[in-house]
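The values are calculated or read from the model by the stated rules, or taken from the named source; none is laboratory data. Keep in mind it's a predicted model, so treat the numbers as computed, not measured. In this analysis, Cβ positions are derived from the backbone assuming ideal geometry, glycine residues included, and neighbour counts consider all displayed protein chains. Ligands, DNA and RNA are excluded from the accessible area calculation, which covers all protein heavy atoms including side chains. Shrake-Rupley method; radii C 1.70, N 1.55, O 1.52, S 1.80 Å.
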Amino acid sequence: MMTNLFSSFDPTSNIFNIPMNWLSTLLGLLIIPSYYWLIPNRSLVMWNMVINKLYSEFKTLLIGKMNMGSSFMFISLFSMILFNNFLGLFPYIFTSSSHLTFTLSLALPFWLTFMLYGWINNTQHMFAHLVPQGTPPILMPFMVCIETISNVIRPLTLAVRLAANMIAGHLLLTLLGNTGPMIMNSTILIQILILSQILLLILELAVSIIQSYVFAVLTTLYSSEVN
């Protein structure tokens, strides 16, 4: 039972003896170019509205801090995570965003870049961030320790938050799916199960969008703190 439950998160499973699961991370790149060859439709208009809204929000967060072009980098980060979260909801598609290997590979380089840039170019500003304004002198050593720990664990919290939310939803869907054969004799229970799975799938769609947005916004906020 446990093997079947976690088999969907196994990156070593293969197709025709070729381990190709991690290639699903790049499937989103096949979808984006097709938009430029299609007649404008509702989905394309909606996606453009999302991108424009994100651009205006990220530009506001980064104004006076970094180059405005940085907002496009964080929009790309949002799009990549969103496509991976969405594709993972389809049957037989490996969810790379449910693995710490994927999420840490995104969070750690960003955090390391921000820290190196901040401590090299704005050393006094980074030291000032360790002691919040108005802190009593007796509490300053403790605040420095607390702020240092909170800065160090930032990439881990980003990675674990995204991976844990993806794993939780997929496990619930798998558990509900495995109970289907056990209640085949009851029509009412089958209907309740199908309704529950539909509602849970809608919830997972929302979680996919929210977690992509949270990851991108927090990364943007972290980058604005180093200037």
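What the table shows:
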| read-out | value |
| --- | --- |
| Every residue from region 169-178 that is open to solvent by 50 Å² or more (accessible area, probe 1.4 Å) and under 22 Å from Phe102 (Cα atoms) | Leu172 |
| Odd one out for Asn85 among (1) closer than 25 Å to Ile202 by Cβ; (2) modelled with pLDDT under 85 | (2) |
| Residue within region 199-222 that is surrounded by 14 or more Cβ atoms within 10 Å (Cβ to Cβ), out of contact with any His (no Cβ under 7 Å at 6 or more places or on another chain) and modelled with pLDDT under 85 present | no |
| Total residues in region 59-74, condition among the hydrophobic types (A, V, I, L, M, F, W, C), modelled with pLDDT under 85 and in a helix (DSSP H, G or I) | 3 |
| Out of Leu112, Leu77, Leu106, Leu89, sole residue that is out of contact with any Phe, Trp or Tyr (no Cβ under 8 Å at 6 or more places or on another chain) and either open to solvent by 50 Å² or more (accessible area, probe 1.4 Å) or assigned to a helix (DSSP H, G or I) (or both) | Leu112 |
